[in-house]
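S.K.: Take this structure first; my questions come after.
The values are calculated or read from the model by the stated rules, or taken from the named source; none is laboratory data. This structure is a prediction, so every number in the text was calculated from the model and none was measured. No Cβ is skipped: glycine too gets one built from the backbone with ideal geometry, and neighbour counts run over all protein chains shown.
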Amino acid sequence: MSGVKLTNVQKSFGAVDVIKGVSLEVPKGEFGVFVGPSGCGKSTLLRMIAGLEDTSGGKIEIGGRDVTNVEPAKRGVAMVFQSYALYPHLSVAENMGFSLRLARAPRAEREEKVREAARILQLSDHLDKKPSALSGGQRQRVAIGRAIVREPDVFLFDEPLSNLDAELRVQMRLELTRLHRQIGATMIYVTHDQIEAMTLADDIFVLKGGHVMQSGRPLTLYDDPDNRFVAGFIGSPS
Ligand code: ADP
Ligand code: MG
C-alpha cells in the first residue's frame, strides 16, 4: 500500500526547471527522507505534495488517490516547518487546537485531541503556558502538536530542527523516531543534514538539481552508492 507516490513530477518557475521528472514512492507508514544540498528542490517537492505549490507536470498520489489537483486541506497531509511561528498571545493548548477551531470542530473534540497530542509530546504540564515560557525544543514540539491534532495520513517536515542547537537536535531526532513508531503515519522529512537522514529514514531519497540521484535503505546507500555524488554526500569513506 502506497503512502505517497510521485510519478514524473515536474516544476518550473518561469523558464527554470527546478524539479525534473521525479518518480518515487514512500510506502504507507514509512519514514521517507529527502536529503540533498541547499537549492536542490527539497522544499519545492514537499510543498507540491502538500498542495502549496502547483505541479508543472506529473502525478501525485496519496493513499492510492490522485491528489494532483486537490486543494491542500483535502489531501490528508499536515506540514511542520522550520520556522514554526506560534501565536504568542495564545496558550500552548490554543496554538495546538487552532486549526481545529478554524475547521469548527466542537470544543470537547478539540480539547480531547489537544490533550492526546500533548500526552504524546510530553507537553501535558505546559498546556496553559504561553509559547514565550517554553524552551526551543518544547516550542518545536507544539508545532508538531499542531500537525498531530489534525490526524493526517501523511506528515511533511521541512527541516524542522535546523533552528535548534546541536544537542537539542539529537534529542528531537529520537523523539521523532518515537513519534513515528507511536503514530504509525507516513512521514516525509526534508533535510540537508546527512546524519539526520541516516538516523531517521526507513528510505532515503538523495536529491541533486531536481533529480533523485539514488534511493534506498540508509545502509544500502552508505555501503553501495551508485555514484560519486551519493558517496560523497552520504559520506562513505571508500
Ligand atoms: P531546497 O529546499 O532543496 O533548498 P528549494 O526547493 O527551496 O530547494 O528551491 C529549489 C530551487 O527553486 C532554487 O533554485 C530556488 O531558488 C528555486 N525556487 C524555489 N521557489 C521558487 C519560486 N517561488 N520562484 C522562483 N524560484 C524558486
Ligand atoms: Mg528548503
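S.K.: The conditions are (1) within 26 Å of Tyr189 (Cα to Cα); (2) part of a helix (DSSP H, G or I), and Gln122 fails exactly one of them. Which is it?
M.R.: (2)
Yes or no, residue by residue, for (1) over 21 Å from Arg169 (Cα atoms); (2) away from ligand 2 (no atom under 16 Å from the Cβ); (3) surrounded by 15 or more Cβ atoms within 10 Å (Cβ to Cβ):
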residue	(1), (2), (3)
Gln182	no, yes, no
Ile188	no, no, yes
Thr191	no, no, yes
Glu196	no, no, yes
Ile204	no, yes, yes
Met213	yes, yes, yes
Leu221	yes, yes, yes
Pro225	yes, yes, yes
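S.K.: Tell me whether the stretch 65-88 contains one or more residues that are within 16 Å of ligand 1 (Cβ to nearest atom), in a loop (DSSP other than H, G, I, E, B) and buried (at least 19 other Cβ atoms within 10 Å of the Cβ).
M.R.: Checked against the condition, which is being within 16 Å of ligand 1 (Cβ to nearest atom), in a loop (DSSP other than H, G, I, E, B) and buried (at least 19 other Cβ atoms within 10 Å of the Cβ), the stretch 65-88 yields no hits at all.
S.K.: In the stretch 179-198, which residues are closer than 24 Å to Ile62 by Cβ, assigned to a helix (DSSP H, G or I) and away from ligand 1 (no atom under 16 Å from the Cβ)?
M.R.: Of everything in the stretch 179-198, those that are closer than 24 Å to Ile62 by Cβ, assigned to a helix (DSSP H, G or I) and away from ligand 1 (no atom under 16 Å from the Cβ) turn out to be Leu179, His180, Arg181, Gln182, Ile183.
S.K.: Kindly indicate the residue of the stretch 125-168 that is crowded, with 19+ Cβ neighbours inside 10 Å and within 16 Å of ligand 1 (Cβ to nearest atom) and also nearest to Met187 (Cα to Cα) among those meeting that condition.
M.R.: Only one residue tops the list, namely Leu156.
S.K.: Next up: Only residues in the stretch 187-209 that are at positive phi count as the first member; pair them with residues that are outside any strand (DSSP E or B) and within 16 Å of ligand 2 (Cβ to nearest atom), Cβ under 7 angstrom, at least 6 apart or cross-chain, and list the lot.
M.R.: Gly209/Cys40
S.K.: May I ask you to verify whether Ser43 is out of contact with any Gly (no Cβ under 6 Å at 6 or more places or on another chain), of a type in the set (Ser, Thr, Tyr), more than 11 Å from ligand 1 (Cβ to nearest atom) and at pLDDT 95 or above?
M.R.: Spelling it out, it is not the case that Ser43 is out of contact with any Gly (no Cβ under 6 Å at 6 or more places or on another chain), of a type in the set (Ser, Thr, Tyr), more than 11 Å from ligand 1 (Cβ to nearest atom) and at pLDDT 95 or above.
S.K.: Mind listing whichever residues of the stretch 46-55 are within 15 Å of the chain's Cα centre (by Cα), more than 9 Å from ligand 1 (Cβ to nearest atom) and more than 24 Å from Glu175 (Cβ to Cβ)?
M.R.: Listed by number, the residues that qualify are Met48, Gly51, Leu52.
S.K.: Something else about it: Name the pairs: first residue in the stretch 9-34 and at positive phi, second residue within 16 Å of ligand 1 (Cβ to nearest atom), Cβ to Cβ under 6 Å, at least 6 apart or on different chains?
M.R.: Gly21/Gln10
S.K.: Please go through the stretch 41-64 and give me each residue that is surrounded by 15 or more Cβ atoms within 10 Å (Cβ to Cβ), touching a residue at least 60 places away in the same chain (Cβ under 8 Å) and more than 10 Å from ligand 2 (Cβ to nearest atom), ordered by number.
M.R.: Ile49, Ala50, Ile62, Gly63
S.K.: If we keep just the residues of the stretch 1-40 that are within 10 Å of ligand 1 (Cβ to nearest atom) and more than 19 Å from the chain's Cα centre (by Cα), which is surrounded by the most Cβ atoms within 10 Å (Cβ to Cβ)?
M.R.: Among those residues, the one meeting the criterion is Lys11.
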